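The next block holds one structure in the form of structure tokens; read it before the comments.
Derivation of every value follows stated rules applied to the coordinates shown; laboratory data play no part. Predicted model only: the values in this text are computed from it and were never measured. All Cβ positions, even for glycine, are placed from backbone atoms using ideal geometry, and neighbour counts span all protein chains on display.
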Amino acid sequence: MGPLLADWLVRAYETGVIAVLRGIQGDKIAAVASAIRDGGIRCVEITLDSPTAIEDIRQLSRDVEGIVVGVGTVLDASSARQAILAGAKFIVTPTVELDVVRMARRYGAGVIMGAMTPTEALRAWEGGCDLVKVFPANILGPRFVKALRGPLAQISLAPTGGISCENAGEFIRAGAQIVCVGGWLTDSKAIMEGRFEVLCDRAREITAAVREARGRTR
């Protein structure tokens, strides 16, 4: 990564949060993304295991201003290419998939690559990803992030899995640059009832928690 950061990465670093949208019905996806944006989160990840993922990426990239759209749960280069052509600006994998990095670079997209061990984290970083996704964060915890930062301080980390307003700050204080938050943010009951203001409020809460944690680490 050169001295000038890509727009998606700048926005991710600014707030320290990426929203993960998984299994949300296509007719609600724009309202969900808009509410999260209004709460201060500028990067959203649409997971590829949704049957409408590609169309959702295309719709959000076209219709919702002020956000950068990425794609998650990517396991191979061909899926990455399909999502990039639909408008995805960054690719997120649950595992170390170096062919995805090569495909993303070919089309100018960023990569957040999943890793669970120090060996995987270093392999992903040396393979050219922008961030290493510490996954599953709810199993590994903030203490693992802190320990990983000891010998591998050069690696930018983005814990994913079980992140909420209650523990986001712990991960940031442990050394994470960004947290990726899904289920806690995208309250399924609120979405079903059309209470999108709940998502907006939660986005504000978690970005505030990250700001506070960053202040304590400086």
Quick shape check on region 1-101: root eigenvalues a ≥ b ≥ c of the Cα gyration tensor, a/c under 1.5 is rounded, otherwise prolate if a/b tops b/c, else oblate, and it reads oblate
Ordered by fewest other Cβ atoms within 10 Å, a rough proxy for footprinting exposure, W8, W125 read W125, W8
The extension gain from E212 to E14, computed as 0.36 nm times the residue separation minus the Cα-Cα distance, is 70.0 nm
Which residues qualify? For V179, with a placed amide H closer than 5 Å and at least 5 residues away or on another chain, they are V17, I18
Taking every other residue with Cβ under 11 Å from the Cβ of S79 and scoring Lys and Arg +1, Asp and Glu -1, one gets -3
Counting sequence-distant residues (5 or more places) and residues on other chains, those with an amide H built under 5 Å from that of I46 are L21, G70, V71, G72
Of 187-193, 63-69, 167-173, ordering from highest average Cβ density within 10 Å down gives 167-173, 63-69, 187-193
Classified through the alpha carbon gyration tensor (a ≥ b ≥ c as square roots of its eigenvalues; rounded if a/c is under 1.5, else prolate when a/b is larger than b/c, else oblate), region 7-217 comes out oblate
The set of residues whose placed amide H lies less than 5 Å from the amide H of G110, leaving out same-chain residues fewer than 5 positions away, is F90, I91
Under 15 Å by backbone N from the virtual spin label 7 Å along Cα-to-Cβ at R106, the residues of region 127-142 are none
With the label point 7 Å along the Cα-to-beta-carbon line of Q154 and a cut-off under 18 Å to each amide N, the hits in region 107-126 are 113, 118-126
Per-residue ellipticity at 222 nm attributable to helices in the chain (runs of n ≥ 4 DSSP H, -39500 (n - 2.57) apiece, nearest 500 deg cm²/dmol) works out to -14000 deg cm²/dmol
The relative contact order of the chain, taking Cα pairs under 8 Å that sit 6 or more residues apart, comes to a percentage of 20
